[in-house]
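Asks: Before we start, here is the structure in question, set down as structure tokens.
Just so you know, all these numbers are worked out from the coordinates, no wet-lab data involved. Computed from a predicted model, the values in this text were never measured in an experiment. Virtual Cβ from ideal backbone geometry, glycine too; neighbours counted across all protein chains shown.
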Amino acid sequence: MHSKWNRREFLKTASAATLGALAAGAPMAGLLSSCSSSSDKNKKLLESDAVKQRLANSTADTVILLWMAGGMAHTDTFDPKQYTPFEKGLDSNRVLSTFKAVPTVLDGVNFSEGLESIGKIIDKGTLIRSYVAADLGHILHSRHQYHWHTCYEPPQSVAAPHMGAWIAKELGPKNPVIPAFIDIGQRLTLGEGEELKAFHTSGFLGNEFGPFMIPDPTTGLDSVKPPVGMSYKRFEKRNELYNKLISESAFGEFGSDYQKESLRRAMEQSYMLLNSPEAKAFDLSTEPKESYDIYNTGRFGLGCLLARRLTEKGARFISVTTEYVPFMGWDTHENGHTRMKGMKKEIDAPVAQLIKDLERTGHLDRTLVILASEFSRDMMLEGRPGAEVKHQVDQPTIINDIKNYGMHRHFTDGCSILMFGGGIQKGHVYGKTADERPCKTIEKPIKIDQIHQSIYHALGIPEDAHAIIEERPFYTTPDGVAKPVMELFGKKEVKEDTEEDEVKEA
Amino acid sequence: MNSKAFNKYKFLALLLLLVAVLYPFFLADVLADPVTEAATSTANDTFWLFKLLGRLHPLAVHFPVTLLCLAALLEVVTLKDFNSRLRPGIDLLVILGAAGAVLSALLGWMLAGQEDYGGDTLAIHRWTGVATAVLGIMAAYLLYTIEKQNRWELIKYYRGLILFTAVGVTAAGHYGASLTHGDMYLTSVIPWSDDYEGAPGSKSNFSLVSLKGNNKLSHEQEIELNTQVRAIFAHNCYKCHSSDKIKGELRLDQKDMVFKGGKHGQIIEPGKPHESEIIRRINLPRSHKEAMPGKGKPLSKEDIQLITYWVEKGAPWPDKGQKNIFRVAELKPRNPSLPKATQNLQNPVDLWVNEYFKKNNVAWTNVVSDRIYLRRIYLDIIGVVPTPEELDAFAQDSRADKRNIWVRQLLNRNDDYALHWLTFWNDALRNDYSGTGYITNGRTNISDWLYKSLQSNKPYNQFVKELLNPGKGSEGFINGIKWRGVVNASQRTEMQAAQNVSQVLLGLNLKCTSCHDSFISDWKLKDAYAFANIFSDSTLEINRCDVPTGKMAETKILWEELGTIEEAAPVKEKLRQLAENLTKPANGRLYRTIVNRIWAQMFGRGIVAPVDAMDNEPWSQDLLDWLASDFVARNYDLKELIYLIATSKTYQLPSVKIMDEQKINAPDFRFAGMLRKRMSAEQFADAVSSAIQPVYADSAVQYKHFPELKPEQASTPFVRASLVKNDGFLTALGRPNRETVITGRDSQANLLQALELTNGKAFNAVLKRGADSWVARYKDSDTIIREVYRKALGRAPVPKEINVAKQVLGPTPNSEAVQDFLWAVVLLPEFQLIY
């Protein structure tokens, strides 16, 4: 009997310690092994001190990634060029933008027509106009998306973790009952679903850090409340039954081990989440109607609303996507101009409202919002200048049908990214693309590993953060060599010691 | 003042002087004591004064023990004359010593209560300490009796006692030191001791102790020292200073390069550590710009000492007789002769484990009960839980060898067996990946071939041959995934084949080596390319870190002694040669790898761990080698291997609990039986299907079109989870995406999993259907509780469990209450674990 009492006591203290560790912002890894030996416990404490230290140096606690899935043309969104209206017999080569440029709140900075709301709040963030996607040859959306989200080019010999999984591992959840890595809006059952799964994963870091998927924001609540048709009262009773059956179980004779404890802890956490007041944040129906209506441009807009509500309650990393389905959304292989109107309408109001709301509630200071896409588009160029690849769309030289009027080919050499909050400079434009075709990056090219390191920098995650997999170090960005771009934070660039970093061939 | 009195005072004064002089040394010793250092980092609720007093233990202990020893020594010196001039001094020593011993015992008790001490050493130290205090008091009391009551006849007893006390003091002191300095503190410097630091093959670092003062190192010592230094370089410096990355123009992986130095000149002045740049750099504070290693952990004090010593000794780097830096497993098979069978042990597995147990002081315990054994073999061999009828039949079977008979029967259920092992092989061969293959259909499904191979128990050498030199049915494994676009050279399909073949079949990691020379093994880039070239139509150009080198790859098996591959032959012929050469019995590695994988599946940990690193040290080389040789001798029969293991007493030992997952793969792992395992996603789904309600409908089966796969031949009346397409439920429970090779699954539970089980739609729907049918089938709660426990846990509920369940179910339960009860039962660790 004595040993049984000990075990229960142990569970009690273990879960109290768990909550304490979570509240202190300790990573989940520490949480899940809080039952280990005392020397390990000390180690965990040190680790959480390290985490605290990082957080003290950070400028952001939360990241919201607004994902423009399918390739968002920069010249028709945040980097407009010469506008050539549609007319029969139009020469494709003349077309750089299919929309008028409209002014924004920043002097001399124009957006493409249809993005006026974001234009009004762009002074609250930085506009990057010089993102250069990797040259992966013949274009494949899911492959570039894999690269954007993991910072590693597929295929990899080990399953590379999503950025959200790294953040979940390094920092743990901000609020213990809100999963650290939340992914809103992507269904994994549609075209290229398996390819999308390949990066919607925590990879070798383990399922613990994997994405909490909410494919449809309007039913987000279903993911965090008792099963459909079950009252909270019944839910509680059921959980009580479970705990009693464990404590009265004849299995008690076998004592505890790490698997049993981790099962119990996971169940406790799940119960906490499903029963917590924070879970209400997932319920969009409690949002005031006027606010709801502003966001409600579709699933993406409502995803932004859900992201805002979760941020207010303490989320760590949230991705909201316009959803990638081949030939849908931003993946405009035809009828680009017309479809672009719809896409801009879908994002303009909710993105602007998200930034305004976060600012109003004081969360923008510690929340880094990023709007990005895997690459851009062009009417003529497939791939990048100097490394053009096989065309995937026929584009007639002379356009007679409006369905041929649009940015239908994939372009990797100049894309726009927006960043707001979390220490990011306000009202700043970074980089530049050429005004004539090819509208490629001509100033301050920025690459994916720099983007990742900048995000990690904001969160206080060191540049050489890594995990050991199969006895070798695997860094958040390849070889851990990339540096954050300090200009984005309005700071001087860290001068690289080029002498030390030179790499020579044998 | 008579002379005796004068002597007495003189002696006391001398003694006090001695104490005054020596005390600071004791104090310094105590303050530097690791006990006090450790103590400052430990926090708990003990009252501070007790803590303080406890920590005075080390301080209090050093002094009185010396007094007692000194008393014993003086007693021996004055053996002839009890009433010598020293008598008063000895008396004082005994009294002070005894009092001090009592005090230290008390303080020690306090210290042990608050610090992280425990185990045998503490217990021995505690009781020798207490015994010493008691002996000291007894000696003092005897002394008092002798002198005050003139009972001289007691002198010999007193003297025996004081000598004995001195021995006790020494013992207590030794165990105290073992507590603070480690239990090899003394023995590690004794050359003939097992713990000797400098012993050949010793795992600890090269012993500086054994060499200090030696002017000239022997050739063997030079090799040893050099190997150790190179190991430090490899683990800490190669990342930036070897063939692939040559920062500061310095390479540390080759002798001539090391002595040539970097762009700032030589880094080593042999014989002069103080003038050597490398010694300066590794000693710089971490924050210094020139500190080395510039990245990663700083070198340990021992590592720095070792490198310094090496430079001091002239930086020896002998060209002859070099050892490998990394442990490399023997390639050849080995067939050690089996220990003699005993009355209790006949199974060869047990005979080898018995040898191991004897050496490691592990005691055999009783084998598990019929109920646990049956559940174990069902889950391990066919992947499902036994039905209550099967459990009853087994319990009633009175044949002496019924366990062997039932194992054989399970192995004979060919389809059930295949449906279980399909999961393991799908993970390992990354089969059953249902993506588009990135437009190219790169992943050819091999399910049909795989199922047939398992169902017919294809000999493993044949199985491997068909994977390496495939026909249409099995070509998916070496074909690899081809993404559209340009792919990193280290991920071309030929290199994927080389990586996967070496990882899965040979327990060797070539992933690093396919990009650059490895710094976790001795494998080189050219070896990986030579191996990959076998899978290639045209000769591959070697790329280092995705940059072409202009050198063309050779065509070789990783171990040339296994045979050659004709470089100019067409790929089909090269694959045929590869398949023949790799499956030769001479390739002990292939067979050790598979027996180790099967062992790991059944025991929760391999004889070698991790299972993909077969160069690591096994906990029993004999067992591993013998199993591999026996496997070959029995015609590569996987089922025979499983039979041998499942019928061993070793397999039937009670399961072992592990509190810290990290300990499982640690080098100091000690085998004592099967580690408790968690059910795989498939086992869990199948167990729910079997005990509660089928999880999957027939329509979920995705391989209906494969002619060989006829699940209706299976004896289970439900659809097995290994046949259905991966879904959110299985993913949450750990089924991998199978885009990459997976040879072991997560064994920890996590929040996402718990959420899926708690409110996942699909799983709840299953439970709801189950509840409806249970309510329709059984009227009253008692029957339902009893039946659920029988089917799900294979046992009757205990009265307490019935009470708890009844509080929810009531006498005649409704469907909702039953659903909640079913949910609670299948989520019990008792249901989800294999024990």
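Asks: Please rank A:475, B:451, fewest neighbouring Cβ atoms within 10 Å first, as an exposure proxy.
Replies: Going from sparsest to densest Cβ surroundings: A:475, B:451.
Asks: Can you tell me the 0 to 90 degree angle between the C-alpha axis of helix A:232-248 and the longest principal axis of chain A, rounded to 10?
Replies: With rounding to tens, the tilt is 50 degrees.
Asks: Now for a separate question. What average count of beta carbons from other chains do you get within 10 Å of the Cβ of residues in B:738-750?
Replies: For this peptide, the per-residue mean of nearby foreign Cβ atoms is 6.
Asks: Counting only other residues whose beta carbon sits under 14 Å from that of residue A:420, what net charge do I get with K and R as +1, D and E as -1?
Replies: Spelling it out: positives minus negatives among the neighbours equals +3.
Asks: Once you've got the Cα coordinates, tell me which of B:524/B:551; A:169/A:426; A:197/A:280; B:511/B:556; B:297/B:511; B:245/B:526 are over 19 Å apart.
Replies: From B:524/B:551; A:169/A:426; A:197/A:280; B:511/B:556; B:297/B:511; B:245/B:526, over 19 Å: A:169/A:426; A:197/A:280; B:297/B:511.
Asks: Do you know the relative contact order of segment A:95-171, to the nearest whole percent, from alpha carbon pairs under 8 angstrom that are 6+ apart?
Replies: The normalised contact order for segment A:95-171 reaches 15 percent.
Asks: Please sort by residue number the trypsin sites (Lys or Arg not before Pro) in segment A:165-200 whose DSSP state is loop and whose Cβ has at most 11 other Cβ atoms within 10 Å.
Replies: none
Asks: Could you work out the mean count of beta carbons from other protein chains within 10 Å of each residue's beta carbon in B:753-764?
Replies: Partner-chain Cβ atoms within 10 Å, mean over residues of B:753-764: 6.
Asks: Report, by chain and number, residues whose modeled amide H sits under 5 Å from the one on residue B:246, excluding near sequence neighbours (fewer than 5 apart, same chain).
Replies: Under 5 Å from the amide H of residue B:246: A:504.
Asks: Remind me, relative contact order of chain A in percent, using alpha carbon pairs under 8 angstrom and six or more residues apart?
Replies: 26
Asks: Once every DSSP H run of n ≥ 4 in chain A is given -39500 (n - 2.57) and the sum is divided by its residues, what mean residue ellipticity at 222 nm do you get, rounded to the nearest 500 deg cm²/dmol?
Replies: Result for chain A, helices only: -11000 deg cm²/dmol.
Asks: Turning to a different aspect of this structure: Around residue A:139, under 14 Å between beta carbons, what's the net of Lys plus Arg minus Asp minus Glu among the other residues?
Replies: Summing Lys and Arg as +1 and Asp and Glu as -1 gives -4.
Asks: Relative to the first principal axis of the alpha-carbon coordinates of chain A, what is the inclination of helix A:38-57, with its axis defined by its Cα atoms, in degrees from 0 to 90 and to the nearest 10?
Replies: Roughly 30 degrees, rounded to the nearest 10.
Asks: Also: Check each of the GluC sites (Glu not before Pro) in segment B:308-363 and keep only those in coil by DSSP with at most 13 other C-beta atoms within 10 angstrom; list them in order.
Replies: In loop regions of segment B:308-363 (DSSP not H, G, I, E or B), the sparsely surrounded GluC sites (Glu not before Pro) are B:330.
Asks: Let me ask something else. Among A:348, B:81, which comes first, then next, by fewest other beta-carbon atoms within 10 Å?
Replies: B:81, A:348
Asks: Sticking with this one: Taking neighbour counts of Cβ atoms within 10 Å as a proxy for exposure, in what order, fewest first, do B:655, B:300 appear?
Replies: Least crowded to most crowded, the residues run B:300, B:655.
Asks: Loop only per DSSP, at most 10 neighbouring Cβ atoms within 10 Å: give me the GluC sites (Glu not before Pro) in segment A:117-220, ordered by residue number.
Replies: none
Asks: Follow-up. Please compute the net charge surrounding residue B:584, taking Lys and Arg as +1 and Asp and Glu as -1 over other residues with Cβ under 12 Å from its Cβ.
Replies: Net local charge, residue B:584 excluded: +1.
Asks: About the Cα centre of segment B:417-581, how large is the charge dipole given +1 on each Lys and Arg Cβ and -1 on each Asp and Glu Cβ? Please answer in debye to the nearest 20.
Replies: 420
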